[in-house]
Amino acid sequence: MTGNELREKYLQFFASKDHLVLPSYSLIPENDPTLLLIGAGMAPFKPFFTGKMKPPHPRIATSQKCIRTGDIENVGRTARHHTFFEMLGNFSFGDYFKKEAIAWAWEFLTVWLRLPADKLWITIYTDDDEAFALWRDDIGLPPERIVRLKENFWEIGPGPCGPCSEIHIDLGEERGCGKPDCAVGCNCDRYLEIWNLVFTQFDRDEEGNYTPLAKKNIDTGAGLERIASVLQNKRSNFETDLLFPIIEYMSTVAGVTYGQAVKTDVSLKVIADHGRSMVVMIADGVLPSNEGRGYVLRRILRRAVRHARLMGVNKPFLTGIVDVVAEIFAKPYPDITDKKDYLKKVVQTEEARFNETLVQGMELLNQHIEELKKSGIKSLDGNTAFKLYDTYGFPWELTLEILEEQEMSLDKAQFDRAMEQQRDRARAARQENEERIDIPDLSGLALEGLSCDPNADRAKILVVLKDGKIAAEVFQGEETALILDVTPFYAEGGGQVGDTGIICTAVGKVEIKNTKKLPDGTVYHLGHVIEGSIHQGDIAQLAVNTERKNDIRRNHTATHLLHTALKQVLGLHANQAGSYVGQDRLRFDFTHFAGVSNNELDEIERIVNKLILSNIAVAVIETTQDTAKEMGAMALFGEKYGDNVRVIVIGDDSKELCGGAHVSNTSEIGFFKIISEAGIGAGLRRIEAVTGFGAIDYVKAQEEIMLQAASTLKTRPDELPAKAESTLAHIKELEKEIATLTTRMAKAAVSELLTAKIEVGGVEIVAGQIEAADMETLRQTADMIRDRLTSGVVILGAAANDKVNFVAMATASAVAKGIHAGNIVKEAAKVSGGGGGGKPEMAQAGGKDTTKIEEALQAAVNVSKSQIKE
C-alpha cells in the first residue's frame, strides 16, 4: 500500500464512522500565539477541545501536516525521527470516548490494514483501569500484552491533554537490540509505536495547572510514515515511497549509493527529511529569516546544504528536490505543484546566499578549531560563535554540530548571553519616541457599553487617567488618557495610525495626539490638556482631525489596491507581510523572492492608478468570518478576527478583511505614486508610496529638483538628460587631461629629485617634497623614482588637505644593506606630529604639521644614513 493510499484509506474509514473529513490545516497556526508551527494533529482544534468554539461537527478526521525540531539532531540517525511528518487523526469533541476510540483503532489496524493481531501490544497510563478493562474485555487482549507506563500522559504545551493508550507492533527479534529484557518501551526498533489514543480530559494552563474539561474528548495521533514503513516492510520511514524518491535523487546528484556507508546514509536521510520539510513550509507561507518560524526553515535548509557538502556536492541541488516532493504530494497537496516555480526561486535564492555564508563561515570556524587544537582547548567560546552567527550568518547549531564532530564543545551559556544582549539592543532601538501613558487595570469598571461610531460628535468622559492612575480631573499642561462612552476616533491597529483631534468640554480642551486600544478592545485617547480642566463625567464635544484622517483613508485604501496590483504583476505568492498607513505615506511589506524591476514597478503603479481613475465604489460589509471566507476575502496573517468581521470590497478587484478607515470611492485617492522599493529580509520586500496631496507634493518636489538641475546646467528641463550626458562626457575628457598633466608633472619632479640625490655607502638616497593630492599619487611617484635606482631609497612628503603624507620605498639591494623604509617614515612622521610605519621595502605614514615637511624629510635622510652598513 502506498503512502497516499494509506492516507486515503484512513480518512475513508473514519468517514464511515460519521467523521467530517477536513483537509490539513496550514503549518502556520491560526490565532494561536502559543505555537510557532503546527506540531500535532490536534493543534488546530484546541478551541474545540477547550469549549471556546463550537466545532463544525462533533467528529472530525484529518491527515495533518506537522513540523517538530526538538530532536533535529537525531534526524537521519534513527529510523523514525523527522522534522516534517503527517499525523493521521480522528477527533471527538464531547461525543464518543474510550470505548469507541479503542474499538475503531483496533478495527482499522487489524481489519482494514490486516496487521497481525498477535503482533500488536498496548500501553496505557499507570492508573487508567478503564482503558485496561476495555482492551482486555472488549478487544480480548491477554493482560500480559497490556503494559502500564507512567509516561503515557500526552501534552504539548498549554491546552487540552490527558492519559493515552499506545498501540505498538512487534517487528520481530531481528529488529531488536538482543537484550534479554527487550520489551515494549525499549529504545530499539523492535516494538514500533504506530498509534496513540489520547483521552483528553484536562486543560493545562501556562502555569501547569490541570482543569477537568466539561466534555471528554478523543485525540488520535497515528504517524503516516511509520504505518507506511510497516505496510511496505521497510526498516525505516526513509525507505518508504513518502521519502525514498528524494534519497534516490540525492544519491544521483552526489554519485553515491544508499546503504553502502553509515555516514553517507545519514546525510542522504537528513537531506530527504529537510528537503521535504522546506518545500511544505514554503508552500504554506513560511519564508527564510533570522526569527521565528522563518529561522526554523532557514536552519533545516542550511543543514541540508551542509550535509550535501559532506558528500562532496558543492553545486546547487535544492530546486531538484522541489520537483521530487511535488511529485510525491501531487494528489494530497496539489498546491505544491501549482507553486513549484515560486518554491524553486525561494530555495534557489536561499541556497545561493548560504553557499556564500558557508564558505566564509567554515573557513573562519576551521581556523578557530585549529587554534584551539594547538592550544589543547576543547571548547569554543560563545562570543566567537556569536560573531559567526551575527556577522556572517553562520547558524550556531551548525557550529555546535561541527565542534561535536571534532570532539569539541561550545560555551553555549556565553553565546546565550551575547544573544540576549543583542535582543536588548534591538528592543531598545525599536522603542518609540512618542510620549506614553500607563493604563491601569480597568477590570473593576463597568465598561461593557462602550461603542465606536464614526459619526459621533458628543460623548461622556467615563475615565480620566493621569500618570497611569484614575483621576477625578486633570489640568492645563498635563498629559492624560481619556475613555469615552462612544468615540469616532479610530484606534491604532492593523498598520493604521490612530486618529488625532480635539476633545472639548464646557471648561477645558484636550489635544488628542493618538488613539489606542487595550487588549480587551477598550479605546483610550492620549492627549495634552491645552485649556482649563477636564473632569470625569463631563460631556464633551468631539472633533477628529478630518483633513489628516482623509489622507490616512486614501493611503489605506491604496494599500488594498497595491496588494491587488502586486499579485497581478508578481504572482499570487505576493502576500502582505506588514504595513504602515499614516497621513504622509503608506508602507507595504510583501513576500517576494527577488527585487522588483523598474518595468514591474511602472506596471504596478499603472494598475493602481487605473483602479483609482475607474471611479470604483468601496463597500464595507459586516458579516461572519465564514461568510467572508466564502466570498474569497483575504485575511492578513497575524491579525486576530472575531466571529463578525468587516470586509472591504472594491468592485471585483479586491476583497480583504480589514477594520481600518477607507474612502468611499477609489477616485477620492486622486493619485498614487511609488517612491521606493527595497528588500527588508530574505523573501521580503517593501514598497513606500504616497497618494492624494502627498503624491502631488512629491511630484512637485521632484519637479523643483529637475528645474534646479536644469538651471544649473543652463538648459531646459526636457533637454536635461542630454545635457547631463554631454556634461559628464566633457568631465571625463577633462579628467583625462588632468591625469596626463599630472603624469608630466610627476616625471618632471622625478628628474629634479634624481638630480639632487646623494650616495652613502653605495646606497642612493632621494628625498624631497612634491605636489600630490593623495597618498596614491605619492606612491606612484615614489615607484617611478625607485625603479630608476640601482640600489637606493626614496623618501617623499606632500601636503594634502591640511595633513602630511609620507612614503618611503627601497630597492632589494638597499634593504640588504640595512635600509628599513618602515623605520624611516616612522621618524619622519614623528617630526610632523604623526605616526606610521611598514615593511623594509615600502612604508607610509601621516603627519599633522604641514610646516615641518622639510625638517621631517631631513630627519628621514639622517635615519637612512645611519641604517647603511659600510
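The values are calculated or read from the model by the stated rules, or taken from the named source; none is laboratory data. What you see is a predicted model, and the numbers here were worked out from it, not measured in a lab. Cβ placement follows ideal geometry from the backbone for every residue including glycine, while neighbour counts extend to all protein chains displayed. The area values use the complete protein model at the heavy-atom level, side chains included, leaving out ligands, DNA and RNA. Shrake-Rupley method; radii C 1.70, N 1.55, O 1.52, S 1.80 Å.
Before moving on, here are some points about what is shown:
- Condition check for I765: at pLDDT 90 or above, in contact with a strand residue (DSSP E or B) (Cβ under 7 Å, 6 or more places away or on another chain), surrounded by 14 or more Cβ atoms within 10 Å (Cβ to Cβ) and in a helix (DSSP H, G or I): no
- Screening I246, I227, I218 for residues that are outside any strand (DSSP E or B), touching a residue at least 24 places away in the same chain (Cβ under 8 Å), in contact with a strand residue (DSSP E or B) (Cβ under 6 Å, 6 or more places away or on another chain) and buried (at least 23 other Cβ atoms within 10 Å of the Cβ) leaves exactly one candidate, I227.
- Sole residue being within 19 Å of P212 (Cα to Cα), surrounded by fewer than 22 Cβ atoms within 10 Å (Cβ to Cβ) and in contact with a strand residue (DSSP E or B) (Cβ under 9 Å, 6 or more places away or on another chain), chosen from P116, P163: P163
- Filtering T727, T740, T755 for residues that are open to solvent by less than 60 Å² (accessible area, probe 1.4 Å) and either at pLDDT 90 or above or among the β-branched types (V, I, T) (or both) leaves a single hit, T727.
- Selection status of F588, open to solvent by less than 10 Å² (accessible area, probe 1.4 Å), of a type in the set (F, W, Y) and within 33 Å of the chain's Cα centre (by Cα): yes
- Residue list for the stretch 567-578, restricted to those being at pLDDT 90 or above and touching an Asp or Glu at 6+ places or on another chain (Cβ under 9 Å): Q568, V569, L570
- Qualifying positions in the stretch 228-261 - aliphatic (A, V, I, L, M) and closer than 23 Å to R299 by Cα: L242, L243, I246, I247, M250, V253, A254
- Residue match in the stretch 789-796 (condition: within 19 Å of T742 (Cα to Cα), out of contact with any Lys or Arg (no Cβ under 6 Å at 6 or more places or on another chain) and either modelled with pLDDT of 90 or more or open to solvent by 50 Å² or more (accessible area, probe 1.4 Å) (or both)): yes
- Selection of first residues in the stretch 482-507 that are more than 10 Å from C452 (Cβ to Cβ) and of second residues that are of a type in the set (G, A, S) and not in a strand (DSSP E or B), restricted to Cβ pairs under 6 Å at least 6 apart or on distinct chains, gives the following pairs, ordered by first then second residue: E492/G498; G494/G659; G494/G660; Q496/G660; V497/G582; G498/A491.
- When V111 is tested against (1) of a type in the set (V, I, T); (2) surrounded by 21 or more Cβ atoms within 10 Å (Cβ to Cβ); (3) farther than 24 Å from C182 by Cα, just one condition goes unmet, and that condition is (2).
- In the stretch 682-701, the qualifying residues are those that are open to solvent by 40 Å² or more (accessible area, probe 1.4 Å) and within 30 Å of R353 (Cβ to Cβ), and the one that is modelled with the lowest pLDDT is L684.
- Residue among K513, K517 that is over 24 Å from T591 (Cα atoms), open to solvent by 20 Å² or more (accessible area, probe 1.4 Å) and touching a Phe, Trp or Tyr at 6+ places or on another chain (Cβ under 8 Å): K517
- Failed item, numbered, when L388 is tested on (1) without any contact (Cβ under 8 Å) to a residue 24 or more places away in the chain; (2) more than 20 Å from T83 (Cβ to Cβ): (1)
- Applying the criterion of being open to solvent by 60 Å² or more (accessible area, probe 1.4 Å) and either aromatic (F, W, Y) or more than 23 Å from P454 (Cα to Cα) (or both) to the residues of the stretch 639-671, the residue that is modelled with the highest pLDDT is F671.
- Flag if Y25 is under 24 Å from I328 (Cβ atoms), among the hydroxyl-bearing types (S, T, Y), assigned to a loop (DSSP other than H, G, I, E, B) and touching a residue at least 12 places away in the same chain (Cβ under 8 Å): yes
- Within the stretch 567-589, no residue that is more than 14 Å from Q496 (Cα to Cα) and part of a helix (DSSP H, G or I) sits with its Cβ atom under 8 Å from a residue that is open to solvent by 40 Å² or more (accessible area, probe 1.4 Å) and of a type in the set (A, V, I, L, M) at 6+ positions apart or across chains.
- Being closer than 30 Å to R417 by Cα and open to solvent by less than 70 Å² (accessible area, probe 1.4 Å) holds for only one residue in G312, G320, G361, and it is G361.
- For the stretch 797-818, the set of residues classified as surrounded by fewer than 20 Cβ atoms within 10 Å (Cβ to Cβ), in contact (Cβ under 8 Å) with a residue 12 or more places away in the chain and of a type in the set (A, V, I, L, M, F, W, C) consists of A799, A800, A812, V815, listed by residue number.
- G320 being more than 20 Å from L242 (Cα to Cα) and touching a residue at least 24 places away in the same chain (Cβ under 8 Å): no
- Tally, over the stretch 163-215, of residues that are part of a strand (DSSP E or B), of a type in the set (G, A, S) and over 18 Å from A105 (Cα atoms): 1
- Strands (runs of 3 or more DSSP E) lying entirely in the stretch 508-563 (those with 2 or more residues that are among the aromatic types (F, W, Y)): none
- Among the residues of the stretch 371-430, just one is at pLDDT 85 or above, surrounded by fewer than 11 Cβ atoms within 10 Å (Cβ to Cβ) and of a type in the set (A, V, I, L, M, F, W, C), namely A413.
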